[in-house]
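One structure is given here, and the rest of the page talks about it.
Only the coordinates and a few stated rules stand behind these numbers; no lab work does. All of these numbers come straight from a predicted model, not from anything done at the bench. Note that each Cβ is placed from the backbone with ideal geometry, even for glycine, and that neighbours are counted across all protein chains shown.
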Amino acid sequence: MDLSVLTSPAEFGVFRGSEAAVDRLEDFYRRFGFVILRDLFPVDLVDRMETECAAAQNGVLAGTVPERYGSTQYLDDETKIEKFVNYVEHVEEIAPAVREAATYPELVTVIRRFIGENCWLSDENRIGVVYQDARPGKESGYTRIGWHSDWQASPSLDIWPSVAFTFHLDGTSPANGFLRVVPGSHRWATPAPYRNVNNVTVPDDARSTGGYTDTPPPFPMALGFEKIPGEIPVYTERGDIILHDAYLWHSAARATDDAAVRRHVRSGYFNGDREKYANRYQFLKNAAR
């Protein structure tokens, strides 16, 4: 497979192939803050992820797996958790294909190129790898997520830079929802979220900004789902992998078809002192209770 960038609007940021052209992939990532890897995973690996994640989802709903794997923290409506499961956390522990995909050698090679050889996969100290069923139907407790950059979730932790990954089990479209990104926004010095829709208190020791330059954003980050100048949709096919930088501005568009299905597996790789991070994260987690 040849990692050659495709320049048509429909495939902006899409790379296919082997490690031979990783320089071009890295150049695109550093310029725009994201890439799409296509045809990297074997078809059978994607099929196994789908089957195993569905089984884990059913296990959470039926109560046959420990509560550790269920999650309500991202839901719009927690009253629906008895009827449907939108999220399975630490799914790599009960779905072997997910761990295989998250540690796939060619994928890890690319991520190390982006953030360094000593990067590490999100583990038990966070939420591990997450399976998300983002269908918007009336049984679902999820609709969409507003504008943010991932580093804003932990501005006090020295774990950045980071690369987030999303393994798409379904292709995306306006019908079933899709990713919205602002290319190049990872280079801005984005403020920590002192204003946000969740009214979360930012720790006193939080970094004031996050990004690869000291250049302030040309406009404030929207607090919800408003249109942002320069944003683009990122559509995927089944089996595609999106890699995006933790400083990149992004959000998710709601599906327009309530019967549509959008399932994916997501997590990230981080850099920094893993042990120090684990201790600090546990401290913050306990202090918040």
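Residue separation of Ala21 and Thr215 scaled by 0.36 nm, minus their Cα-Cα distance, works out to 66.8 nm of gained length. Taken along the Cα-to-beta-carbon direction at a fixed 7 Å, the label points for Ile232 and Ala175 span 2.4 nm.
Please check which bits of segment 225-268 a label hung off Ala10 would reach, taking the label as a point 7 Å along Cα-to-C-beta and the cut-off as backbone N under 20 Å. Once the point is set 7 Å along Cα→Cβ of Ala10, 232-242 turn out to lie under 20 Å by backbone N, inside segment 225-268.
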